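The values are calculated or read from the model by the stated rules, or taken from the named source; none is laboratory data. As the structure is a prediction and not an experimental result, all values here were calculated from the model. Glycine also receives a Cβ, built like all others from the backbone with ideal geometry; neighbour counts cover every protein chain displayed.
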Amino acid sequence: MAAMKTLAEVAEVIRSKNAGPFIVTFDILFETEEAFEAVRSAGMLNRQAVCKLYGVSDNELLGFDFYPFARAVKFSLRRPVGSGGPRDADVYGAQQHAPLLDLAVLP
């Protein structure tokens, strides 16, 4: 039985960054249409999976959209604390994508 493929194995770019002081936005880009469609069709990368992975409610997940013309997935999360504020460990939001790397997305 073949092992599931992770997002890091099939996506070309997985990144996060601030979208203002209270929101982090995530971009997942695929090199080929085939890879994009395979992940989208598998249905394992979805709102519920992202909420579970980040331990947030659906209300904290702002959008979750597949963009076929760009071979991309985009979503945003509310930050638990403002960028640069007390208890903020990632002022630029640039390390928040790391949990996505090991997310199983293809059977």
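Hey, can you tell me all the residues within the stretch 92-107 that are of a type in the set (A, V, I, L, M) and touching a residue at least 40 places away in the same chain (Cβ under 8 Å)? First the steps, then the outcome.
Narrowing the stretch 92-107 to residues of a type in the set (A, V, I, L, M): 94, 98, 100-101, 103-106.
Passing the criteria: Ala94, Leu100, Leu101, Leu103, Ala104, Val105, Leu106.
Which residues, taken from the stretch 53-74, are free of Cβ contacts under 8 Å to residues at least 24 places away in the same chain and of a type outside the set (S, T, N, Q)? Matches in the stretch 53-74: Gly55, Val56, Asp58, Glu60, Leu61, Gly63, Phe64, Asp65, Tyr67, Phe69.
Given the criteria farther than 16 Å from Ala94 by Cα and either modelled with pLDDT under 95 or not basic (Lys, Arg) (or both), does Ala19 qualify? Step through it out loud before you land on a result.
Values: farther than 16 Å from Ala94 by Cα: no; either modelled with pLDDT under 95 or not basic (Lys, Arg) (or both): yes.
The answer is no for Ala19.
Out of the stretch 1-19, which residues are surrounded by fewer than 16 Cβ atoms within 10 Å (Cβ to Cβ) and in a helix (DSSP H, G or I)? Matches in the stretch 1-19: Ala8, Glu9.
Here's the yes/no breakdown for (1) surrounded by 14 or more Cβ atoms within 10 Å (Cβ to Cβ); (2) of a type in the set (Val, Ile, Thr); (3) assigned to a strand (DSSP E or B):
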| site | (1), (2), (3) |
| --- | --- |
| Pro21 | yes, no, no |
| Glu34 | no, no, no |
| Leu45 | yes, no, no |
| Asp65 | no, no, yes |
| Val73 | yes, yes, yes |
| Ser83 | yes, no, no |
| Ala89 | no, no, no |
| Leu101 | no, no, no |
| Val105 | yes, yes, yes |
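I'd like to know if the stretch 54-61 contains one or more residues that are surrounded by 13 or more Cβ atoms within 10 Å (Cβ to Cβ), at pLDDT 95 or above and small (Gly, Ala, Ser). No, because not a single residue in the stretch 54-61 is surrounded by 13 or more Cβ atoms within 10 Å (Cβ to Cβ), at pLDDT 95 or above and small (Gly, Ala, Ser). Going by what's in this entry, would Leu77 be described as over 16 Å from Ala8 (Cα atoms), crowded, with 17+ Cβ neighbours inside 10 Å, in contact (Cβ under 8 Å) with a residue 12 or more places away in the chain and touching a strand residue (DSSP E or B) at 6+ places or on another chain (Cβ under 7 Å)? Judged against the criteria, Leu77 is a match.
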